[in-house]
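Here the structure comes first, spelled out in structure tokens, and everything after it is commentary.
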Amino acid sequence: MSPAGRELHALWSVVRRNFHLVRRYLGWELVFLFYNVINTLTIALIAFALPPADRDRTIIYLTIGALLWNFLSILFQEVASSVSWERWEGTIEYSFMAPIHRLTYLAGVCMYAVLYGVLRTIVILVAVALFFHIHLARADWLGAAMILAGSSLPFIGLGLIGAVLPLLSTERGAQATQVIQGVILLVSGIYYPISVLPGWIRWMSHLSPATYTLEAARRAILNGEGPLHLLPLTIKLFLSGLILVPLGLAVFQLAEHWAMRNGTLKRSG
Amino acid sequence: MDEGSVSPKAVAVEGQGLWKEFSTKKWVGAKRQVTRSYALKGVDLAVQRREILGILGPNGSGKSTLIRLMATLLIPDQGWLKVFGLDVIRDRQRVRRLINRVSVEASFFKKLTARENLAYAAGLYGVSNAKAQVEATRILASLGLQRDKLEVPLETLSRGQQQKIAIARALLTSPTLMLLDEPTTGLDPTSRRDVQEFVLNVRREHDSTMVLCTHDMAEAERLCDRIAIIHEGRIIAVGTPADLIASYASGGGLEDAFFHITGLDQERLRAEAEGDG
Ligand SMILES: Nc1ncnc2c1ncn2[C@@H]1O[C@H](COP(=O)(O)OP(=O)(O)OP(=O)(O)O)[C@@H](O)[C@H]1O
Ligand SMILES: [Mg+2]
């Protein structure tokens, strides 16, 4: 096998391993999916408390928030928890001792996260569409897809940075990733415009890639703005990804080196 | 040069002045307490090509730490270590192509079947999955594990069965240097025999070198060409089993030599004396 072929083979085996795990935890997967669908529906149902004139628009507004948050948090969570998961299973030393580039391993984790996130989001989308019979005639799906692709990168970058924390400190690291996710949820305007946030936290909204993703997705689906209109925002997202992904990788490698010095790679002494 | 090949003259493992200190932090009330302890205190070692070197030592003496340094999982604080002439830090990636490790705790995805775990391993080491499965089935048959055990989640297998799969997984990748950290701990006498036979076979058939940590004196005597005795982070004796016995326990066995070298016989005598008085 050529060196590049070997790395690709390894990347695929990481993706496959994770899908094998999904299959083994199928019961839980179905339960979580069920909960996700219900959660999305209940959020969208809030719109029915509003006057009929605003209803349709609000349903879509809220659904976009719920779906995107669902997708982005899967990305973040899968990537960020990859290390703590392997540590918990006791496989981390095995995986990290393998003769592959760390980039390959992480790319495998990210690729799985994207595939898995897309699959779950589609299921929820179908459920919501069947439940509400919403009209999306104005939506520009190409624009929406472009935004989704653009926003994956910065979220993977954030996930990589989040994945580092459990390498540094077993328990506190995993706790910190939860806190980070909570803050992103608060400041990114998932279910409300960021203008409603108090001034002292609003500045954080501008740092979160999710803020731009949501804004752009809503413009595409609610206002039917096409790819051309959304290009500047997409480029912004893409560029933030171009900074965050290499930054995440570099931080990851530094943290791995630190863990190898301090003996924090494995779970127990 | 193919990155998998090694210079035929190189010593398999060579290290000098290896120190490793760990610090563990814990909170006592509102104060953070850092305790430091040395796992290795200036270890020198050399393992010749095709040799099986045994490492014997009491619990916590630094055996697994030493194995982890060779496995590129830990970085020493001081000293250097080379595997087939390649530095374990600078040439980490190339060293990784040459080694594999079987650890005490079988490190698997326990919800996955052995086949699924082996597929993952094969992927990481650039072995085709089909080939890996056939090879693993053959190895496991010779270790006395039934085929159907490969199809069920690993958590349903006994520790010894898991350990056999770990050994098969390591051998799949044909490592030039095999690191065995207590591979037979937890195995029944027959399985232990099977694994030992297998290790000797592998060494005969493949061109591999092994470093073996064990607490089983008979196993060390049976498998190892040389034995290094490590105590409190220092290698305090090295030699063939016969040499060690001759120098430290003439008339006795390896166990007597071990107790003598580590000073544990003295401690035991003292404890007995105190117990009497
Ligand atoms: N990652 C780590 N973090 C903190 N301390 C560690 C770590 N790894 C090892 N130690 C400490 O270093 C010392 C040597 O441990 P090591 O695991 O090398 O012993 P060992 O000889 O393999 O023991 P055993 O026979 O029980 O397997 C022990 O005191 C242990 O507590
Ligand atoms: Mg040990």
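The values are calculated or read from the model by the stated rules, or taken from the named source; none is laboratory data. In this text, all values refer to a predicted model and were calculated from it rather than measured experimentally. Virtual Cβ from ideal backbone geometry, glycine too; neighbours counted across all protein chains shown. Ligands, DNA and RNA are stripped out before the accessible areas are found, and what is left, the full protein with its side chains, is counted by its heavy atoms. Shrake-Rupley method; radii C 1.70, N 1.55, O 1.52, S 1.80 Å.
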Legend entry - Residue check for B:LEU112: open to solvent by less than 10 Å² (accessible area, probe 1.4 Å) and within 16 Å of ligand 1 (Cβ to nearest atom): no
Legend entry - Tally of residues being closer than 18 Å to A:ALA80 by Cβ, within 16 Å of ligand 1 (Cβ to nearest atom) and open to solvent by less than 80 Å² (accessible area, probe 1.4 Å) across the stretch A:213-269: 5
Legend entry - Positions within the stretch A:7-64 being within 12 Å of chain B (Cβ to nearest Cβ), hydroxyl-bearing (Ser, Thr, Tyr) and more than 21 Å from A:THR104 (Cα to Cα), in sequence order: A:TYR25
Inset, instruction - Go through the stretch B:225-263 and count every residue that is outside any strand (DSSP E or B), aliphatic (A, V, I, L, M) and open to solvent by 40 Å² or more (accessible area, probe 1.4 Å). - result: 2
Inset, instruction - Could you run through the stretch B:84-109 and say how many residues are on the phi > 0 side of the Ramachandran plot and crowded, with 21+ Cβ neighbours inside 10 Å? - result: 1
Inset, instruction - Would you tally the residues in the stretch A:95-110 being more than 16 Å from the chain's Cα centre (by Cα) and open to solvent by less than 10 Å² (accessible area, probe 1.4 Å)? - result: 7
Inset, instruction - Can you work out which of the residues in the stretch B:44-59 that are in a loop (DSSP other than H, G, I, E, B) and either within 16 Å of ligand 1 (Cβ to nearest atom) or within 14 Å of chain A (Cβ to nearest Cβ) (or both) is least open to solvent (accessible area, probe 1.4 Å)? - result: B:GLY57
Inset, instruction - Look through B:ALA168, B:ALA220 and report the one residue that is more than 16 Å from ligand 2 (Cβ to nearest atom) and crowded, with 18+ Cβ neighbours inside 10 Å. - result: B:ALA168
Inset, instruction - Considering (1) of a type in the set (Gly, Ala, Ser); (2) more than 10 Å from every other protein chain (Cβ to nearest Cβ); (3) more than 11 Å from ligand 1 (Cβ to nearest atom), say which one B:ALA122 fails and leave the rest. - result: (2)
Inset, instruction - Go through the stretch B:65-83 residue by residue and tally those that are open to solvent by 10 Å² or more (accessible area, probe 1.4 Å) and either hydroxyl-bearing (Ser, Thr, Tyr) or away from ligand 1 (no atom under 15 Å from the Cβ) (or both). - result: 5
Inset, instruction - Within the stretch A:111-126, identify whether any single residue is surrounded by fewer than 16 Cβ atoms within 10 Å (Cβ to Cβ) and in a loop (DSSP other than H, G, I, E, B), and answer yes or no. - result: no
Legend entry - Criterion (within 16 Å of ligand 1 (Cβ to nearest atom), open to solvent by less than 30 Å² (accessible area, probe 1.4 Å) and of a type in the set (S, T, N, Q)) met by exactly one of B:THR176, B:THR184, B:THR209: B:THR184
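Here is a yes/no grid of residues against (1) assigned to a helix (DSSP H, G or I); (2) farther than 20 Å from A:ALA44 by Cα:
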position: A:VAL179; (1), (2): yes, yes
position: A:GLY182; (1), (2): yes, yes
position: A:LEU186; (1), (2): yes, no
position: A:TYR191; (1), (2): no, no
position: A:ALA210; (1), (2): yes, no
position: A:LEU214; (1), (2): yes, no
position: A:ILE221; (1), (2): yes, no
position: A:LEU228; (1), (2): yes, yes
position: A:THR234; (1), (2): yes, yes
